[in-house]
Each structure stands twice: as structure tokens, then as C-alpha cells.
Amino acid sequence: MNVADSEVVAAILSKAGFKVTPDIAEAGLILINTCSIRENAEQRIWSRLRSIKHLKKQRKDLKIGLIGCMAERLKEKVLETDQLVDLVVGPDAYRELPGLVTEAESGHKAVNVLLSREETYADISPVRMDKNGITSFVSIMRGCNNMCAYCVVPYVRGAERSRDPESILSEISILFDSGYREVTLLGQNVDSYNREIDGRETGFPELLEKAAQISPLMRIRFSTSHPKDLSDELLKTISRYNNICKHIHLPAQSGSTRILKLMNREYTREWYMDRIAAIRSIIPDCAVSTDMITGFCTETEDEHKASLSLMEWAGFDFAYMFKYSERPGTRAARKLKDNITDDIKTARLNEMISLQNRLSLKSKKSDIGRIFEVLVEGPSKRSDDHLSGRTSQNKVVVFPGKEKKIGDYVMVKIERCTSATLIGNVI
Ligand code: SAM
Ligand code: SF4
């Protein structure tokens, strides 16, 4: 999401005459796009700021800005405690950047962290900063209304708003005409996408269907689905189109109904299992990945085991796993005690990671001998004689081949695997 936002920022500043440079020493303006989701994401930003301090000594007119969620969360505090930062701009104020840079250039500290109920940057054509020219992100909504107890997103990115569907579809068409072959539609809860224009509502299944109809050669992915809102209608839409990728990222967060209630996730373990069963029956070849949190407030050893047993039952193909990190101002920080020690959180996380490694390997092994359609994204990282791409199920495949195939679809027979990669040959 931050990559997509940085592309919007680059577009706004390009229009005002700025250019992106790959050489940090050449930059007259450095903007650091930040994340507040966990404390270590913020720690990384403080160390990034320290690592660019010397540039300001070398170049007196250099301006440094902190943008995104951390700017929103820490506001003036950043300016007070860090002399290095000249601009602080929240995620809904990027249109004001050119004016704010001018203000900073005149020697004032420039701040705009106002959140909006309408801003979706719908009319802005992002300047693509990805490297392969084949896969891209398209933001379809901003903010979140869910208020999960642990999560800072609703506070730093504001209320949920859906972008005009026509602007989304036109952005995808332009990407297709420029050679892109895959887009990932982005939102914190894509299943609740809903935009009413002239009395007519468009929901996520309809948006997804229209996106898929742009071209059968354009793959459509999306992230993130919320288990409470994942409908059978959406699953049926996915199953009808070959180019809607057969992969759903469905964060469970916990396998314990008591912890899910404390997290305010609005579903139970049984509801989550029912949604997985629905995916398996409507889209039999669908990969499923998840997010899990270990050591949330008051989590017992048995509740941790319930998370592990849910993962084992679901057989996730992939998972992002995190230690609970208390975020100031959230409901959990205000109402619950962060009473699980770091040692226990770490031990539970390690146990979960080793389980997921086993599940990921099992999922890859079951693909050996099968043939997959792979969209070629570029040379493989390890060898110039190999190409790398992904299956519809979002699994990375490496195979011998030359660069001219980038952007093509090829059929690859899987010969072997590691826990992260499938290895095969074009047939
Ligand atoms: N909107 C998505 C959802 O509901 O699943 C994702 C939101 S968040 C950007 C990505 C993941 O970060 C979450 O799914 C959750 O697992 C994790 N996360 C969020 N807040 C956290 C916290 N305070 N501590 C640890 N992990 C957290
Ligand atoms: Fe955060 Fe929950 Fe919204 Fe996801 S759905 S962004 S976890 S509040």
C-alpha cells in the first residue's frame, strides 16, 4: 500500500516539476514514506533518518519530509524531537505537497496531517516506480472502519472510502495498454468496497468482474479480504474467470474465539473455518494465505495452540506472522494489558513459523509433477539463465529461459521445490 502511495506522491510532485532520482546524494528533497503498524516499523524509520543525517550537512538546501502513517501518528512531535525533518505530511494530504515543499524551502516547518472523508486520489495517474513493468498495484479504497482492537490503521489512515469504479477500470486499461499483465487491487478490506454513483452501487464482486473483463491476458489479484465479509458471491466470481487469480489472503489473526472477540474481529474460529470450507468447495484449486498474531493480550498457551491447530487444519500455503506490538491509542492499548512477555511472544512466534515452514513445503511439494500457467516477471535473482514468474496461486516459479519471454504466459511443469520456490521447465 505504501508503494502505491509513493507512486501517487511521485505523480503529484512530477506535475509540479519534480523528478524522481535513483541517486539519494543528488536529491534536493527526500521523502520517507512510513508505516506505524508495529513498533519495529517505526524504529526502522528513526534509524533511516539517522543514516541520512550526513546528507543534510553536505547539502544545506536539502529538505527531508516524513510522510504516511507515522507522520499522522506522531505529528508535531517529529518536528520537535528531530531537527532533521522539514515536512510532516499525512496520507490524505499528498495533494498539498508542492505547496508544503515551498513552505519548507522558505525556512518554515511544513505540516499537514488532516484526514479526509473523501480523498481517494482517484484522478491521479500514479508514476510507476516498480521495476518489472509487468505487475502493478492499484489502490481501490483508503482507510478502514473495522476497529480491530490492536490496529492503528483506522487512526492513521482515517475512515473507509471507496474509489470511483470508472477511474479504477480506466487505470487498469491504461496499465494493460502499457504492457502490464497483472494488477493487485488494494484495500484494507476489499470485500467491503462499495461506491454509489448517481444512485447506483458497485460492490467488490462487480468491480472484480469488470476488471477481469478488460482482457483475459490481464491477471487480477486483490488484497486484503476480511473473513467476516468474504461472500460466496465473490468466490463464485473468482471461479468464473481464469484471469482472476486463485489466491485469497484471508488473515485469521488467531485460532481462538475468545482472543478473536478481544481483538474485535467480529468472527469466530468456526466462522473462519466455514469460509475456508467455502473457498475449497467453490474454488478447489485456490491457494490461501493468512496473517497471524502471537501473544495478544491475555493469550494462554491453549489459545496459542488453537492458532497452530487452525493453521494445520487450513493448510495455509503462506503466512505472515507477527508478535503482538502494542500501539498507543488503540482500543487494546487503552483497555487491555499487554501482559505476555516478549520471551513468550517470541517462543510462540518461532513455533508458529516452524509450523508454517512445514505447511509451505507441503503445499509446494504437492505441486511437483503438475503443469502451471506462469506469468513471466523477469530474470531469476540467482541466475541470468533462469526466469522467474508466479502461478495464479501466487507461488514463485523459477525455470530456464531467456529475457524475451518477460510478460508472456508460459506453461511450466514443476520438477522440484524448496519451501519458498517451485522449480521446473517450460513445456
Ligand atoms: N486490513 C488487513 C486485515 O484486516 O487483515 C491487514 C491490516 S495490517 C496492515 C497487516 C497485518 O499486520 C494484520 O493482518 C495483522 O496481522 C498485523 N498487525 C496489525 N496490527 C498489529 C499489531 N499491533 N501488532 C502485531 N501485528 C499487527
Ligand atoms: Fe486494521 Fe482490522 Fe482495519 Fe485490517 S480490518 S486495517 S487489521 S482495523
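Since every read-out is calculated from the coordinates, none of them should be taken as a lab result. Computed from a prediction, not measured in an experiment: that's the story for all the values here. As a convention, Cβ positions derive from the backbone with ideal geometry for all residues, glycine included, and neighbour counts pool all protein chains shown.
Tabulated data for the structure shown
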item: Gain on full stretching of the segment that runs from residue 129 to residue 427 - 0.36 nm per residue minus C-alpha separation; result: 104.0 nm
item: Peptides ranked, highest mean first, by Cβ atoms within 10 Å: ranges 68-75, 115-122; result: 68-75, 115-122
item: Nearby aspartates and glutamates by direct alpha-carbon distance to residue 60 (threshold 15 angstrom, same-chain neighbours under 8 apart not counted); result: 26, 86, 105
item: Fraction of alpha-carbon pairs over 20 Å apart in region 213-271 - percent; result: 38
item: Relative exposure of 111, 127, 89, 426, judged by other C-beta atoms within 10 Å (fewest first); result: 426, 127, 111, 89
item: Extension gain, residue 386 back to residue 232 (0.36 nm per residue minus Cα-Cα distance, nm); result: 51.5 nm
item: Largest-first ellipsoid semi-axes for region 56-207, taking √(5λ) over the Cα gyration tensor eigenvalues, angstrom; result: 32, 20, 14
item: Gain on full stretching of the segment that runs from residue 164 to residue 20 - 0.36 nm per residue minus C-alpha separation; result: 49.1 nm
item: Distance histogram in 20 Å bins (all Cα pairs of the chain, percent per bin); result: 23, 56, 20, 0
item: Helix-only mean residue ellipticity at 222 nm for the chain, each DSSP H run of n ≥ 4 adding -39500 (n - 2.57), per residue, nearest 500; result: -11000 deg cm²/dmol
item: Residues of type aspartates and glutamates that residue 365 reaches as a straight line, Cα spacing below 14 Å, ignoring anything fewer than 8 places off in the same chain; result: 317, 415
item: Within straight-line cross-link reach of residue 335, lysines at Cα separation under 17 Å, skipping those fewer than 8 residues along the same chain; result: 261
item: Computed E for residue 95/residue 326 - FRET, C-beta separation, R0 41 angstrom, nearest 0.05; result: 0.80
